[in-house]
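Reading through the structure tokens given below for one structure.
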Amino acid sequence: MSATHVRRGGPARPKQRKAPSKKMPVSHKRANRLAGLAFAMFLLFLGAAVLIALDIPGKAATQAGEAVGRAGFRVKAYEITGLNHMARQPIDEVVAGEVGRPQPLVDVEAIRAKLLRYGWVKDARVSRRLPDTLVIDIVERQPAALWQDKQRLALIDAEGVVLDRVPIDKMPDLPLLIGPGANSRSQELRRLMAAVPTLRPQLASATWVGRRRWDLAFQSGEIVALPEGELAAKDALVKFARMDRSAGLLGRGLVRVDLRVPGKMIVRLPRAPGEAIAPEAPPAEG
């Protein structure tokens, strides 16, 4: 007989898995702490907004500055250095109001910004010399030419910045630029004349014509009309200077030398006594 095995205890029950316990990402205690921190930050920002609205930081800074002033750190004088051409009065008007102010309350950057509005001032340094002095160090622009526009005469520097008005009867011995916008083209003119060192000392004035090109007037009386464009003008002027060195064009009584047509030089001679003046056709450009 075959043996029969009997399993006691009944059928085996399947094992039940325990449901995973749900954990909160942040504990209740920590959540309360974060909420409290957020509320504290809110109160801090609210308080700062109230202080700013009431200007309490500004008042506190002013009171602190006044306290330093009472301790002897109050502006009693100021010194100005670097003036050669510019009048002192405009600087006095800017700085004089600081006398009597506590040193910590002097806004040196604001003073510098006001000084830079003047044409003569290329740069300005404003510093405190404790206990009671302000030092104003001016870096002046250097006059390089005169600019005439609409019967008004002004000094300009090499960059064309207007420095000051000049009376007609007190014109310094400087090159004269004529015409609207001529001051802004002064660097271009300097480059043109640097290319012709033999002509540069003889230049009397330069007229910016039609905001496009130059007419050069020389001390010997001739007017040389240059073409438009700096490169074309430079090329024409260099060739003219070469011809002047070989043939002596300047000083021979020519009225006008027109170099506007590439490769050509059109010369106008002085009118002979009694010679009728022929009407001229309107120029193609200024």
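Looking at (1) closer than 20 Å to Glu79 by Cα; (2) crowded, with 19+ Cβ neighbours inside 10 Å; (3) without any contact (Cβ under 8 Å) to a residue 40 or more places away in the chain, find the lone condition where Leu146 falls short.
Unmet condition: (1).
Of (1) closer than 26 Å to Val121 by Cβ; (2) at pLDDT 95 or above, Pro197 satisfies all except one. Which?
All conditions pass for Pro197, except number (1).
Residue-by-condition table, conditions (1) surrounded by fewer than 19 Cβ atoms within 10 Å (Cβ to Cβ); (2) within 20 Å of Leu163 (Cβ to Cβ); (3) out of contact with any Leu (no Cβ under 7 Å at 6 or more places or on another chain); (4) of a type in the set (Ser, Thr, Tyr):
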| residue | (1), (2), (3), (4) |
| --- | --- |
| Arg88 | yes, yes, yes, no |
| Ile91 | no, yes, no, no |
| Val99 | yes, no, yes, no |
| Glu109 | yes, no, yes, no |
| Arg112 | yes, yes, yes, no |
| Val121 | no, yes, no, no |
| Pro131 | yes, no, yes, no |
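Applying the selection to the range 182-209, what residues are touching a residue at least 12 places away in the same chain (Cβ under 8 Å) and loosely packed, with under 14 Cβ neighbours inside 10 Å?
Gln187, Arg191, Thr198
What are the residue pairs meeting all of these: first residue in the range 87-98, first residue touching a residue at least 40 places away in the same chain (Cβ under 8 Å), second residue among the aromatic types (Phe, Trp, Tyr) and surrounded by 11 or more Cβ atoms within 10 Å (Cβ to Cβ), Cβ atoms under 6 Å, and 6 or more apart or on different chains?
Here the result reads Val95/Tyr78, each pair linking the range 87-98 to a residue that is among the aromatic types (Phe, Trp, Tyr) and surrounded by 11 or more Cβ atoms within 10 Å (Cβ to Cβ).
Looking at (1) more than 25 Å from the chain's Cα centre (by Cα); (2) farther than 30 Å from Trp208 by Cβ, which one does Asp169 not meet, given that it meets all the others?
For Asp169, the failing item is (2).
Cβ-Cβ distance below 7 Å, separation of 6 or more or different chains: which pairs start in the range 218-238 with a residue that is of a type in the set (S, T, N, Q) and end on one that is part of a loop (DSSP other than H, G, I, E, B) and modelled with pLDDT under 95?
Note: pairs meeting the criteria are Ser220/Leu250; Ser220/Gly251.
Tell me, which strands (runs of 3 or more DSSP E) lie completely within the range 145-184 with 3 or more residues that are over 23 Å from Leu83 (Cβ atoms)?
Working: elements: 152-157, 162-165, 176-178.
The qualifying strands (runs of 3 or more DSSP E) are 176-178.
Give the residue that is surrounded by the most Cβ atoms within 10 Å (Cβ to Cβ), with candidates limited to residues of the range 239-260 that are in a loop (DSSP other than H, G, I, E, B) and either within 38 Å of the chain's Cα centre (by Cα) or touching a residue at least 60 places away in the same chain (Cβ under 8 Å) (or both).
The initial filter retains those residues of the range 239-260 that are in a loop (DSSP other than H, G, I, E, B), namely 248-255, 259-260.
Pick out the ones that are also either within 38 Å of the chain's Cα centre (by Cα) or touching a residue at least 60 places away in the same chain (Cβ under 8 Å) (or both) and you get 259-260.
Working: Leu259: 21, Arg260: 18.
Taking the candidates together, the pick is Leu259.
Do you know which residues across the range 91-143 are within 25 Å of the chain's Cα centre (by Cα) and among the basic types (Lys, Arg)?
Arg112, Lys114, Arg117, Lys122, Arg125, Arg141
Restricting to the range 149-162, give me the number of residues that are out of contact with any helix residue (DSSP H, G or I) (no Cβ under 7 Å at 6 or more places or on another chain) and within 19 Å of Glu188 (Cα to Cα). Break it down stepwise before answering.
Within the range 149-162, the subset out of contact with any helix residue (DSSP H, G or I) (no Cβ under 7 Å at 6 or more places or on another chain) is 149-152, 154-155, 157, 161.
Still in the running and within 19 Å of Glu188 (Cα to Cα): 149, 154-155, 157, 161.
Counting residues in the range 149-162 that are out of contact with any helix residue (DSSP H, G or I) (no Cβ under 7 Å at 6 or more places or on another chain) and within 19 Å of Glu188 (Cα to Cα) gives 5.
So Leu115 ticks every box in (1) hydrophobic (A, V, I, L, M, F, W, C); (2) in contact (Cβ under 8 Å) with a residue 40 or more places away in the chain; (3) outside the structural domain of Leu189 (by TED's automatic domain parsing) but one. Which box is left unticked?
So Leu115 meets the others, but not (2).
Of the conditions (1) of a type in the set (S, T, N, Q); (2) in a helix (DSSP H, G or I); (3) within 30 Å of Glu140 (Cα to Cα), Ser205 fails just one. Which one is it?
Only one criterion in (1) of a type in the set (S, T, N, Q); (2) in a helix (DSSP H, G or I); (3) within 30 Å of Glu140 (Cα to Cα) is unmet by Ser205, namely (2).
Assess whether Asp215 counts as being free of Cβ contacts under 8 Å to residues at least 24 places away in the same chain, assigned to a strand (DSSP E or B) and not polar (S, T, N, Q). Lay out the reasoning, then the answer.
Numbers: free of Cβ contacts under 8 Å to residues at least 24 places away in the same chain: yes; assigned to a strand (DSSP E or B): yes; not polar (S, T, N, Q): yes.
The answer is yes for Asp215.
Just the residues that are surrounded by fewer than 16 Cβ atoms within 10 Å (Cβ to Cβ) and of a type in the set (Asp, Glu), please, taken from the range 133-143. First the steps, then the outcome.
If we filter the range 133-143 for residues that are surrounded by fewer than 16 Cβ atoms within 10 Å (Cβ to Cβ), which is where we start, we get 133, 135, 137, 139, 142.
The answer is Asp137, and nothing else.
The values are calculated or read from the model by the stated rules, or taken from the named source; none is laboratory data. Source: prediction; values computed, not measured. Positions of Cβ are generated from backbone atoms using ideal geometry, with glycine treated the same way; all protein chains shown enter the neighbour counts.
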